[in-house]
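The values are calculated or read from the model by the stated rules, or taken from the named source; none is laboratory data. In this text, all values refer to a predicted model and were calculated from it rather than measured experimentally. Cβ placement follows ideal geometry from the backbone for every residue including glycine, while neighbour counts extend to all protein chains displayed. These accessible areas exclude ligands, DNA and RNA; they are computed on the full protein's heavy atoms, side chains included. Shrake-Rupley method; radii C 1.70, N 1.55, O 1.52, S 1.80 Å.
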Amino acid sequence: MTLVRPDFDPELRALLAEMQPMPPLSPELLTQLRQFPPTPVDTLLDGRAATHREITIPGSDGAQIPLSIFSPSGTDRPTAAPCVYWVHGGGMIMGDRFSQIDIPLEWLDQLGAVVVSVDYRLAPDVTGTTLVDDCYAGLLWVAEHADELGIDPARIVVAGTSAGGGLAAGVTLMARDRANPAIAAQMLIYPMLDHRNDTTSSRQYEAKPGVWTREMNEYGWRAVLGDLADEDVPAYVSPALAEDLSGLPTTYIDAGTAEVFRDEDVDYATRIWAAGGQAELHIWAGGFHGFDALYPQVPVSAAARRTRTDWLTRVLSPTSDA
């Protein structure tokens, strides 16, 4: 039975109606989706005072992990800039390091942040902790090369959207448990946190077309987990499983009311508070999954993006103790 569910924001609903519905995910469709050309990052850099370079670093198993580095240019660039370590979305099965890159590039413009985006390997090509291990390897490299990158190692923020938000949460748990590197804050944008896929919001957004439905979510998690039994799923992969959420850096979490991840994201923030931590939570009325990335011009999208930037501005202030 399909549950009654919150409606979409009227402007978002009209735009979503114009989108071509995505067929059910399958290996064949995934192959087709991965053949789309990469995000045209050079177009996004037009008019920006920024430099861009590409490097590769070794992952924990020796595989080469690409990193894209975007740095502010100009004579007024700070010598020790904040850094946003960006983890892209795509259900852990698609996307690349340029996916949704316009979001952190706004922070390069407005906050003078260096943006480093990691191209972790995707499921089902790899499974288990490999994806989060790739992201952690990139974060370690950034911290170890802070001087070279011109960043302040005390102002590194781990951020990601959707699957990238879940991986960002996993990386932050990993950094806490290994006491390295120091993370100033984590920004989890409608993060994919719980492989169990059984919340009320998950069940509300099934059996109907959408940007990311319960069925799509199940496909993505199955690709990541492979043959792992539920009891063997690591919390670094499915962060909602973490028993202890104490000792985490200050956290920002947002989601829409009209999406699969709403309830697991609210629960994660609630458990951070219960453990004595700081989390700022925003649930945007009528927002479907990825609403602000797809339609940034809509008022609710603009509000979501502006609110994130305001929070980062406070957190990254040299005098902040958030």
Inset, instruction - Enter the accessible area per residue of the chain (Å², integer; probe 1.4 Å; all protein chains in place). - result: 42
Inset, instruction - Sort the following peptides by mean Cβ neighbour count (other Cβ atoms within 10 Å, averaged over residues), highest first: 189-196, 47-54, 247-254, 278-285. - result: 189-196, 247-254, 278-285, 47-54
Inset, instruction - Find the percent of Cα-Cα distances in segment 114-192 that exceed 14 Å, and round it to a whole number. - result: 60
Legend entry - Percent of alpha-carbon pairs separated by more than 18 Å within segment 1-86: 73
Legend entry - Helix-only [θ]222 nm of the chain, DSSP H runs n ≥ 4, -39500 (n - 2.57) each, per residue, nearest 500: -10500 deg cm²/dmol
Legend entry - Where Met187, Met19 fall by accessible area, highest first, once all protein chains stay in place (1.4 Å): Met19, Met187
Inset, instruction - Send over the semi-axes of segment 223-322's equivalent ellipsoid, whole angstrom and largest first, taken as the square roots of 5 times the C-alpha gyration tensor eigenvalues. - result: 26, 21, 11
Legend entry - Kirkwood-based Rg to Rh ratio, segment 7-149, C-alpha trace: 1.02
Legend entry - Accessible surface of the chain, 1.4 Å probe, proportion on carbon and sulfur as whole %: 53
Legend entry - Paired Rg and Dmax values of the chain, which use every Cα atom, in angstrom: 18.4, 61
Inset, instruction - Would you please state the base-10 log of I(q)/I(0) at q = 0.10, 0.16, 0.19 1/Å for segment 129-244, with intensities from the Debye formula using one equal scatterer on every alpha carbon? - result: -0.34, -0.77, -1.00
Inset, instruction - Show me 79-90, 290-301 ranked by packing, highest mean number of other Cβ atoms within 10 Å first. - result: 79-90, 290-301
Inset, instruction - Quickly rank 118-126, 155-163 as a protection proxy: mean count of other C-beta atoms within 10 Å, highest first. - result: 155-163, 118-126
